[in-house]
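Scroll down for the structure; my scribbles are underneath it.
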Amino acid sequence: MHEKERKVRQEIAERVGLIHSLRKEDEKFVPGLSRVNYSGRVYDEKEMQALVDSSLDFWLTLGEKGKEFEKRFSDYLGLKKVVVCNSGSSANLLAVSSLCSAMIENPLKKGDEVITTAATFPTTLSPIIQNGLIPVFVDVELGNYNIMISKIKEAVSPKTRAVFFAHTLGNPAQMDEITDIAGENNLYVLEDACDALDSKYDGKLAGTFGDVSTYSFYAAHHITMGEGGALATNNPRIDRAVRSIRDWGRDCYCDTGEKNPKGACNNRFGHKFKNLPQGYDHKYVYTNIGYNLKPLDIQCAIGLIQLDKLSEFTNKRRHNFQILYDTFKKYQDRVILPAWSLKSEPSWFAFPITVRPDAGFGRTDIVRYLEDKNIETRMLFGGNILRQPAFENIEKRVVGDLKNTDIILNDTFFLGVYPGLTEDKMNYVVDSIEGFFRKY
Ligand SMILES: Cc1ncc(COP(=O)(O)O)c(C=O)c1O
C-alpha cells in the first residue's frame, strides 16, 4: 500500500473513533423510558474502524478477511473446515443440502427421514422440507427445552438418516447420548449452534460433536457481522459440497478473483464430465443445484474483531443469566426455571421462563407487564412450529405427543442476557420483575 494512502487511512480510523466516542457520550439509560432490548450489537470503535477500512479496500465480495475469519474460527472450534455464509438460515440450508449432494458418500435422498423438534426456529426445519426429506418430530424437555433423548430412540426407522436439532437458547443438548444413538443407527448429526456459540458440553464446544454444525452472526447473536453465518465440519467432502452449493453449485473451487488462469485445480480446461464437451471451462461446470449464499468481506472484517471479544461476551452473558436466575428462583413455585445438564456450561442466548398452570397469572400478563415497562420479551421462536400457518400441512411423522412443545407454545417466553445489558439495566429489570410478583 502506498505510504500516503496508509496515512490517510490512519486519519480516517481516528475520525471514525471520534464518531464512536461522540455517540457514546450521548448514550444514557433512563429507567422506564429507554428500551431494554433483549439483544443487540455490542461493539466499539474497533468494529467501526474495521468496517470502514475494509470498505476502503473496495473488494466488495468475499476475500481475504473471509479467509482469515474461516481460519480463526476453525482454530477456535478445533474443527478442520469452516465455511462462511450470509446467515445462520443459509448455514442450515447448506448443511442439509450438502448431505444430499453426490459429492458425499451415500447421500440422503428424497423421502429419507430426519429427526428434529417442533419447538424450533423455522429455518432449522425448512431445509429438511426444501430438500424433499421427511421431518420426524419428537418432543422436548421442559426447563432445558432440548430434544428428548428417549424419543430419538423411539423415532428411528429404517428410513431415518439424520438428526438435526438446535442447542436451544445456548443450552447444549446431551451430546454423548445423541452421538451414541447416531453411531448405533448410522445417522448423521447436524448441530444448529446458532444460539450456542461458546457453550460447552463435557468440556467440548457445542457444535463440535456432530458431522456438521451451523452458526449465526445476526445482530442478536453471541458475536455479530450484522448478518452472517458459518458451518463447521471435520469432513472434507461435506466442506467441498457446502462450498459448491454456497457458490452457485459449481464444481470449481477457485477463490473469487482467482489469480491462476489455470484455476485453483490447475486443470481448468482439462476436465471431462459425462455430457459436457472435453475441457469445458471448470468455472461453469455445475455438480450441485446451488445458490449464492456468500457474505461480504466487510462483514468478515467485523466478525474478526468480534471473535476477539467472545470470551468477554460469554462471561457477561453468564453473569446476567445468574442475576435473572436468582431473581426468578424465589418464584419457582409459579414459574419453571431454566435447567441444564451437570455436564453443560451454557453461554446463554437468553433466559427462558415457563409460567406454571397454577401461577395465578398467565404468560400474557407477565409479558404485557414487562413490555409496558419497556423491557423486551420474546416467545421461544415458533412455539410449536406445526401450529404455524406455513407448516400446518407439511409431510411429516410425529412420534408420541408434543405435550411439552404445546406448553412452550402457550406458556413460555424469554428475556435477554446479552452483554449490552449493563448493571443499571439489569437492576431495572430485576426491580420490575419483583414489582410484578408483588402485584400477583
Ligand atoms: C436456532 C436458530 N437457528 C437458526 C437461526 C437463523 O439465523 P439467521 O437469523 O442468521 O438466519 C436462528 C436465528 O436467530 C436461530 O435462533
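Each value in this text was obtained by applying a stated rule to the coordinates, not by laboratory testing. The structure presented is a predicted model; accordingly, all values stated were derived computationally and were not measured. Don't worry about glycine lacking a Cβ; one is built from the backbone with ideal geometry, like all the others, and counts go over all protein chains shown.
Mind sorting CYS100, CYS300, CYS85 by how few other Cβ atoms lie within 10 Å of their own Cβ, fewest first?
CYS100, CYS300, CYS85
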Practice prompt. Please give, to one decimal in nm, the separation of the simple spin-label points placed at ASP333 and GLU177, each 7 Å out from Cα toward the Cβ.
Written response: 3.0
Response to the item:
Counting sequence-distant residues (5 or more places) and residues on other chains, those with an amide H built under 5 Å from that of ALA166 are ASP192
Worksheet, complete the sentence: Residues of the range 314-350 with backbone N under 12 Å of the label point set 7 Å from the Cα of ARG356 along Cα→Cβ are 329-337
Fill in: Alpha-carbon spread of the range 386-440, three principal axes, descending order, Å
49, 29, 20
Discussion item. Placing unit charges on C-beta atoms (Lys and Arg positive, Asp and Glu negative, everything else neutral), compute the dipole magnitude of the range 75-116 about its Cα centre in debye, rounded to 20.
Written reply: 80
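Where does each of 144-151, 38-45 land if you order them by average Cβ count within 10 Å, highest first?
Details: 144-151: 20.8, 38-45: 18.1.
For the peptides 144-151, 38-45, the packing ranking is 144-151, 38-45.
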Worksheet item: Using all Cα-Cα distances in the chain, what percent lands in each 10 angstrom bin from 0 up to the longest?
Response: 4, 20, 28, 25, 15, 6, 2, 0
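Ranked highest first by average number of other Cβ atoms within 10 Å, how do 208-215, 257-264 line up?
Numbers: 208-215: 24.6, 257-264: 11.6.
Ranking the peptides 208-215, 257-264 by packing returns 208-215, 257-264.
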Worksheet item: So what's the range 106-246 giving for Cα Rg divided by 2.2 N^0.38 Å, two decimals?
Response: 0.99
Worksheet item: Long-range amide H contacts for THR160: which residues qualify at under 5 Å (H placed 1.01 Å from N, peptide plane, sequence gap of 5 or more or a different chain)?
Response: GLU113
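Within the chain, what percent of beta bridges assigned by DSSP are antiparallel, to the nearest 5? Before the final figure, lay out each step's value.
Working: 25 of 45 bridges.
Counting only bridges with both partners in the chain, antiparallel ones make up about 55 percent.
Considering only DSSP states other than H, G, I, E and B, which GluC sites (Glu not before Pro) in the range 354-440 qualify as loop sites with at most 12 other Cβ atoms within 10 Å?
Values: sites: GLU371, GLU376, GLU392, GLU395, GLU423, GLU434; in loops: GLU376, GLU392, GLU395.
Qualifying residues, ordered by number: GLU392, GLU395.
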Worksheet entry | Virtual spin-label span in nm between ILE289 and ASP26, 7 Å along Cα→Cβ | 4.9
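Between HIS319 and LYS274, what FRET efficiency comes out of the Förster formula 1/(1 + (r/R0)^6) with R0 = 60 Å and r the beta carbon distance, rounded to 0.05? Can you show the working numbers first?
On the way: r = 59 Å, r/R0 = 0.98.
Here the calculated transfer efficiency is 0.55.
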Response to the item:
So for R0 = 45 Å, FRET eff. of LYS403-LYS80 from the Cβ-Cβ r, to 0.05, ends up at 0.65
Worksheet item: Viscosity 0.890 mPa s, temperature 25 °C: Stokes-Einstein D of the range 1-123 from its Kirkwood Cα radius, in µm² per second?
Response: 127
Practice prompt. Sort out for me the Cα centre separation of the range 280-306 from the range 126-165, rounded to whole Å.
Written response: 30
Discussion item. In whole Hz and in residue order, list the ³J(HN,Hα) couplings for the range 150-164 that follow from phi through the Karplus curve 6.51 cos²θ - 1.76 cosθ + 1.60, θ = phi - 60°; x for Gly and Pro.
Written reply: 4, 6, 4, 4, 5, 7, 5, 10, x, 8, 6, 10, 7, 10, 9
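Order 63-72, 189-198, 217-226 from most to least packed using the mean count of other Cβ atoms within 10 Å. It would help to have the intermediate numbers written out before the result.
Working: 63-72: 18.6, 189-198: 26.7, 217-226: 22.8.
Highest mean packing first, the order is 189-198, 217-226, 63-72.
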Worksheet, complete the sentence: Note to self: Kirkwood Rh of the range 86-156, Cα pairs, one decimal, Å, is 13.0
Worksheet item: So, with +1 on the Cβ of K and R and -1 on the Cβ of D and E, and no other charges, what is the size of the charge dipole of the chain about its Cα centre, to the nearest 20 debye?
Response: 860
Response to the item:
Per the Cα gyration tensor, the range 57-306 corresponds to an equivalent ellipsoid with semi-axes, largest first in Å, of 31, 23, 14
Discussion item. If R₀ is 22 angstrom, what is the calculated FRET efficiency for the pair ASN185 and ALA102, using the beta carbon separation as r and rounding to 0.05?
Written reply: 0.40
Worksheet item: In this model, which of LYS109/LYS283; LYS81/LYS200; LYS46/LYS343; LYS81/LYS329; LYS204/LYS316; LYS329/LYS373 are farther than 30 Å apart at the alpha-carbon?
Response: LYS46/LYS343; LYS81/LYS329
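Please report GLU312, GLU113 as a ranked list, fewest other C-beta atoms within 10 angstrom at the top and most at the bottom.
On the way: GLU312 11, GLU113 23.
Least crowded to most crowded, the residues run GLU312, GLU113.
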Item to complete: State the Cα centre-to-centre distance between the range 391-440 and the range 26-40 in whole Å.
Response: 20
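Report the extension gain between LYS4 and ASN260 in nm, rounded to one decimal, defined as 0.36 nm multiplied by the number of residues separating them, less their alpha carbon distance. Write out the running numbers ahead of the final one.
Numbers: separation 256, 0.36 × 256 = 92.16 nm, distance 3.02 nm.
The span from LYS4 to ASN260 would gain 89.1 nm if fully extended.
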Practice prompt. Report the label-to-label distance for THR364 and ARG438 in nanometres (one decimal), using points 7 Å from each Cα along the Cα→Cβ vector.
Written response: 2.7
